[in-house]
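Coordinate-derived values only; no laboratory data. Predicted model only: the values in this text are computed from it and were never measured. Counting neighbours? That spans all protein chains shown, and the Cβs are built from the backbone with ideal geometry, glycine included.
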Amino acid sequence: MRGTEDGRDVFLTASIGSMSSTTGYDRAEEVLRDASVAMCQAKGLGKACFVMFDTAMHTHAMARLELEGALHRAVERQEFRLFYQPIVSLETGWITGFEALLRWEHPKRGLVAPDEFISVAEDLGLIIPIGQWALHEGCRQLRAWQRELVDLQPLTVSVNLSGRQFSHSELLTVIDQTITETGLEASSLKLEITESVMMDNAELSAAILLDLKARHIDTCMDDFGTGYSSLSFLQQYAVDILKIDQSFMGLGTESVAILRTIVTLAHNLGKHVIAEGVETPGQVALLRSLHCEYGQGYFFSKPGGRALIGGPPPMVRSLNSLRRP
Ligand code: C2E
Ligand code: CA
Ligand code: CA
């Protein structure tokens, strides 16, 4: 639709949700509710869409509503846990640090993976308190491990930041507070931000990256290769590490060519590289031949709870096979 205001053209579009049958409905509110569910779906598809309601939408909307309620309760009841996955130096075979990965210990469903709830937590703004907790807990746990495992120094912890956390006005204040409260050296903390989040607002990202650099906190561009970072962004901005997405971890000719290109590019720009999703000895051998510095994946260890480095874990055995004679 087109109109004019103050001599300027104004274009309007409408998102329409509709439902066709009146059978099975007792009240007008129910009809409106379902049309509204279809309208929300239409809005989610982009501008100017039309969506007809069906029962699967209702089931989906109810499941989402339940998840939202449960997430609010989970924050109140502190049902989140961190699992840690080692990041290994491919040159020495030693653990250099851990990535902290969030889990929700649901009272009925058990451990829930982050992919099931992070985007809803983002939409609800709950990612802010959840993320602050994860940052604090990751730093606290690493500090405790550093005290316990003196011969494994210096260990680092990598904490993931979602888009909303990364652009949150309190981010730096929260980081400063966490560092002070936990007593962790800022240089032992690394922050992982996906390539697409960084590129969503490159100017803001550049400023935040500089603020983090001034604090000696390394930043890692996560899922590298899946977004659209410009080469000038990579060249100019203060990202320290590229983390190659696990989708490039194949051993086919094309994957090898991509891996080689990323590692060379990173090194030429003065950045380190972590390969994630490393599952096989063949991948380890390839990455070492490409001089990729770090690896992370099931080959070394799945993400684990606090007991991970307490006992004699299988991880140490696989690391032994990596150590140079
Ligand atoms: P991510 O940051 O890319 O994390 C890597 C994911 O790959 C993790 O899944 C990890 O368990 C899995 N993984 C590790 N090694 C292997 C392997 O060898 N093979 C395969 N197939 N997978 C491997 P997870 O723990 O389910 O986390 C999924 C995503 O959730 C993360 O992807 C990250 O984007 C997000 N996430 C996790 N923790 C947090 C957090 O504390 N805050 C925020 N904002 N996001 C988080
Ligand atoms: Ca990550
Ligand atoms: Ca990743």
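Counting alpha carbon pairs within less than 8 Å and at least 6 residues apart, what relative contact order, in whole percent, applies to segment 49-201? Walk me through the numbers on the way to the answer.
On the way: 174 pairs, mean separation 30.5, N = 153.
Reported relative contact order: 20 percent.
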Consider a paramagnetic label point 7 Å from the Cα of W133 along Cα→Cβ; state which residues of segment 58-87 have an amide N under 12 Å from it.
-> 71-82
What ranking do 39-47, 3-11, 215-223 get when scored by the average of other Cβ atoms within 10 Å per residue, highest first?
-> 215-223, 39-47, 3-11
Taking the radius of gyration and the Kirkwood hydrodynamic radius from Cα positions alone, what is the Rg/Rh ratio for segment 94-175, to two decimal places?
-> 1.02
Say the cut-off is 25 Å between C-alpha atoms; which of K213/K271; K108/K302; K43/K190; K43/K243 go over it?
-> K43/K190; K43/K243
For the chain, modelled as a Gaussian network with Cα springs under 10 Å, which listed residue fluctuates most, L210, L82, L90?
-> L210
Which value, to two decimals, describes the C-alpha radius of gyration of segment 175-318 once divided by 2.2 N^0.38 Å?
-> 1.13
How many nm is it between the label spots at Y25 and K47, if each spot is 7 Å from the Cα in line with the beta carbon?
-> 2.9 nm
What is the distance, in nm, between label points placed 7 Å from the Cα along the Cα-to-Cβ direction at Q235 and at V150?
-> 4.8 nm
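Treating the beta-carbon of each Lys and Arg as +1 and of each Asp and Glu as -1, no other charges, what is the dipole magnitude of the chain about its Cα centre, to the nearest 20 debye?
Numbers: 29 positive and 40 negative charges, 185 e Å.
Dipole magnitude for the chain comes out near 880 debye.
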Going by how many other beta carbons lie within 10 Å of each one, how would you line up E137, E68, fewest first?
-> E68, E137
Taking only DSSP H segments of four or more residues, each worth -39500 (n - 2.57), what value at 222 nm results for the chain once the sum is divided by all its residues, to the nearest 500 deg cm²/dmol?
-> -13500 deg cm²/dmol
How fast does segment 20-128 diffuse by Stokes-Einstein, in µm²/s, taking the Kirkwood radius from C-alpha pairs at 37 °C and 0.692 mPa s?
-> 190 µm²/s
Per principal axis, descending, Cα span of the chain in whole Å = 76, 50, 44
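Nearest 5 is fine: what % of DSSP beta bridges in the chain come out antiparallel, could you say?
Working: 19 of 45 bridges.
The antiparallel proportion sits near 40 percent.
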Using alpha carbons only, how many degrees (0 to 90, rounded to 10) separate the axis of helix 253-268 from the longest principal axis of the chain?
-> 70 degrees
